[in-house]
1. Applying 1/(1 + (r/R0)^6) with R0 = 30 Å to the Cβ-Cβ distance of B:GLU84 and B:GLU407, what FRET efficiency is obtained, to the nearest 0.05?
2. Using the Cβ atoms and a cut-off under 13 Å, what net charge is assigned to the surroundings of A:THR349, where Lys and Arg are +1 and Asp and Glu are -1?
3. Considering only protein heavy atoms, what per residue accessible area in square angstrom results for the stretch A:254-322 with a 1.4 angstrom probe?
4. Taking each residue in A:416-424, count the Cβ atoms of any other chain within 10 Å of its Cβ, then average. What number comes out?
5. Say a paramagnetic label sat at a point 7 Å from the Cα of B:GLU396, along Cα to Cβ; which residues of the stretch B:308-347 have their backbone N under 17 Å from it?
6. Would you tally the net charge around B:THR9, using a Cβ to Cβ cut-off of less than 14 Å, leaving B:THR9 out, and scoring K and R as +1, D and E as -1?
7. Using a 1.4 Å probe on the protein heavy atoms, what percent of the accessible area of chain A belongs to carbon and sulfur?
8. So if each residue of separation counts as 0.36 nm, and I subtract the Cα-Cα distance between A:GLU413 and A:ALA387, what length gain in nm does that give?
Amino acid sequence: MVERVFQRPADALGEITNHNDAYSIDGLQPTAVCLSDLQGLSDALSEAAKDGLAVAPWGGGTRAAIGNRPARLDRILDLSRLSRIVHYNPADLTATVEAGISVAELQRHLAEQGQFLAIDPPLPDRATVGGTLAVGGSGPTKWQFGHPRDLVLGMKVVQADGTVVSSGGQVVKNVSGYDMARLHVGGLGTLGVIAEVSFKLTPLPQGEATLVAAFDSTTRCLAAGLAVFHSVVTPLALAAYDAAVDERAHVAPVKGHHLLAVRLGGRPLTLQRALRECRSLCHQGGATTVEALGEADAVAAWRKLADFGWDEATAPLMSARASVPPTKLAEIVETIANGDSPAALRCETLCHVGYGTALIHWFADGPEPPTHAIAEVATRARKAVHAVGGRMNIERCPLPVKAGLDMWDQVGEPIAIMRRLKEQYDPGNVLNPGRFVGGI
Amino acid sequence: MTDQNSLITELKAIVGDTYVVHEPDDLIVYEYDGSVDKGLPLAVVLPDSAQDVSLVVNAARTHRAPIVARGAGTGLSGGAVASEGGIVIALTRMTRILEVDVENRIAVVEPGLVNLELSNAVSGHGLYFAPDPSSQKVCTIGGNVAENAGGPHCLAYGVTTNHVLGMEVVLADGSIQWLGDRTRESTGYDLRGVLVGSEGTLAIVTKVILRLLKKPEAVKTLLAVFKELDDASAAVSGIIGAGIVPAALEMMDDLCIEAAEASVHAGYPDGAGAVLLVEVDGLSEAVEEESEEIQRICRQFGPMEIRTATDAGERERLWAGRKGVLGALGRLAPNYYLVDGTIPRTKLVEVLARIKEMSVESGFPIANLLHAGDGNLHPSVLFDERKPGDTKKALEIGGRILELCVEVGGVLSGEHGIGLEKQEYMPLMFSEADMNAMARLKPAFATGDLFNPGKVFPTGASCADVFQAAVSKVGPGAWI
Ligand SMILES: Cc1cc2nc3c(=O)[nH]c(=O)nc-3n(C[C@H](O)[C@H](O)[C@H](O)COP(=O)(O)OP(=O)(O)OC[C@H]3O[C@@H](n4cnc5c(N)ncnc54)[C@H](O)[C@@H]3O)c2cc1C
């Protein structure tokens, strides 16, 4: 269904709006069209392909900064109205939704049935399901439930020429045909536009509790986190952050230099036991304080930890996401955050311990340092990550820095396969040209 | 012929004479896998390294001989069945555990390693490899990766793809590349992710980086016996609906019970219509709380009896009937055709009732074994291949069961793969455009038709023609 109302960009369903800064990507201001159904999306893509336009799918725009600067960009496809819940059967613990639904809205529906989708991106009120998958990012809950790609059961994608294709299914166990959705999770919309997704859901734990422990060194804090990782307890989330993060975001009422937040869930006795175990692991690890948060504080703390670096209040000059083997986190945080820096930037880190993710944010206290100095900071950090066998992608930085620095880490030889994938699915280079790895 | 001889000579130069099998009598063991198809290769090569594999791939490509990778050959959809006149690369010499990183819970292994041997090897560190296909005593990690194998304990912990971080592969151009690495997040397209479950059609896996899990503190197994299958199904829905995702949730029907009773004397009560086997693990408190809740739910559906066990030996006894079923089916009929499909869990009652109808109408008994927790069905159509026409009929019933699975919102295969067995059914689930999009992975991996040609995608032949005979060649100790 296409409504022909022409107001704010997001209301102008099916109409092409003029260039405007509501949809700017890296300073480029394309035209935009807002779509509310699959047919409209398919038509918009086949038209764009015919006219040789470069398009970028747009969810909530929360992570529009991710990727290299587009080589070309003519039109935004706003999917935020493609937001229906197509199918939800709580008893099956599965749901199929259109890609433009916001993560928060979906979670509200699921919560009514005592369930949730174990994906917690920044800014979930705006972040859409499709956008979150396209950037492949999640938040701290991936600790127990895995990468978002592990929760996708099936996917409907509109290809660059407008063809609608499906893969996977709506059931939790399936090996029929190739698992195509894997290419689109983290594919930044360069091989097709995610239109509909079927997910595996998780029951909400009967009870939850969050502990925050303070330590006087990064090493101690991360070691305590690893001790939890190795213990009999399986937390819902496990995040380490430093005092600077806390000062900026007011994460929780527990203060200290280096903080470890442990989120636990379960039935009453299980929860008590898990709390006991984690408390004692933190004490053994040299914690100066260990406190359980009240319910409201806990909810707020996890929201702030997931949003950090993406909401207005905490927006850094530059952010990176490093993925390393879990035991190497302390080493890279030490090197990157505490080493000397070629530019006067303050480095603040947030780690998903046990999973091996470090979110590294740099803030300029004074005037913005020169472009080359910022780039040098990123390059050194990347070297430190490589030294421990990890990879680091830069998720945001000042536009001039993008010109001389690849936002994506090297992918090595498989880049040839990736280029051929692009040729197969988007030979006209319609979708997000130039934003992905290796100039794809 | 001379060309074939020269290929064999080249292969021998790569891996040594001993590791090229080409005499017709010796090749017969490689003609089958666990499915119903067969194909005689020109030669079977047993490489010892990725370099060997690469050279073999180059030689085969030059001679335009198709290649089929092979692990233990336990696949149930014909994935490892050779292409006539092609080369089989058997990875059963490459069985090393190259590294166990206990702190990061990672293992790096070769593809020929037997699944269970990995868990055995890391057990001392309190770790295990979670995917546990019922064939785990023999099937290989490479085969698990290619089929994205599941197992009874995948309900809570996920199937193979959730446990593979990276792998070294040999592509059709002979290059050796790493897809993925030791970290949990990837950069660029998740090539590792599409390769898992691609049934040997895109690349040959030569090393795998796997995630290991820590062993739970406590485990409890519950066995609940019901008079009616419907009650057991309702209990399954009740358990999932109560927000419990047990480690395993298995079910079997009256025919399976009869077979198990006859062979392993599991001691099920007379008149049992369904057995539910539930396993919970984790903190001992969690195990207690969840198992109590599960018993409470089961009791709502009037079970004939509920047994529980926590120590390993006792638990093994509760599993014995379940594990013995497949071998025991042979007591009921000379042959069975094992079907693998998944349905939404809430459709269990409906689908099992319709399978029962099919059985009554056709006169073929159908025994139902289910990974009920994730809706994965394994109905086995019992028949006698010596009766003319019965094989075909059994296969047709299998096809109708798959149609039914898709009709209720399910899929063609939950864990055994498409291979040769189900390729003609793909259009039930996927449009031309869907399959076309999948098929484009081959040019992207530059595979051509070198690896496992003619599988997964439909050829246009009728399903029953594709099968020669439906004789499952699984031993008496086997279980699905
Ligand atoms: C009794 C029995 C019980 C079973 N139970 C289960 C179960 O519970 N769950 C389940 O999922 N499956 C089950 N299966 C099916 C089978 O065991 C699995 O599919 C297993 O993963 C196959 O491993 P394999 O080593 O035997 O592979 P094979 O049968 O040798 O090969 C399977 C496929 O993998 C490809 N392949 C093998 N090695 C490589 C490699 N290194 N690189 C690329 N491709 C490769 C082959 O070409 C083929 O397409 C069962 C089978 C039997 C006989």
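1. On the way: r = 35 Å, r/R0 = 1.18.
The formula returns an efficiency of 0.25 here.
2. Values: positive: A:ARG248, A:ARG321, A:ARG346; negative: A:ASP242, A:ASP246, A:GLU331, A:GLU334, A:GLU348.
Summing Lys/Arg as +1 and Asp/Glu as -1 gives -2.
3. Working: 2960 Å² over 69 residues.
On a per-residue basis, the stretch A:254-322 sits at 43 Å².
4. Numbers: counts 7, 14, 4, 1, 6, 9, 2, 3, 7.
Per residue, the number of nearby Cβ atoms from other chains is 6 on average.
5. Flagged as within label range: B:337.
6. Details: positive: B:LYS12; negative: B:ASP3, B:GLU10, B:ASP17.
Net charge around B:THR9: -2.
7. Working: 7690 of 15430 Å².
Solvent-exposed carbon and sulfur of chain A make up 50 percent of the total.
8. Working: separation 26, 0.36 × 26 = 9.36 nm, distance 1.89 nm.
Full-extension gain reported as 7.5 nm.
The values are calculated or read from the model by the stated rules, or taken from the named source; none is laboratory data. All of these numbers come straight from a predicted model, not from anything done at the bench. Quick reminder, even Gly has a Cβ in these numbers, built from the backbone with ideal geometry, and neighbours come from all protein chains shown. Just so you know, the surface numbers come from the protein's heavy atoms only, side chains and all, with ligands and any DNA or RNA stripped out. Shrake-Rupley method; radii C 1.70, N 1.55, O 1.52, S 1.80 Å.
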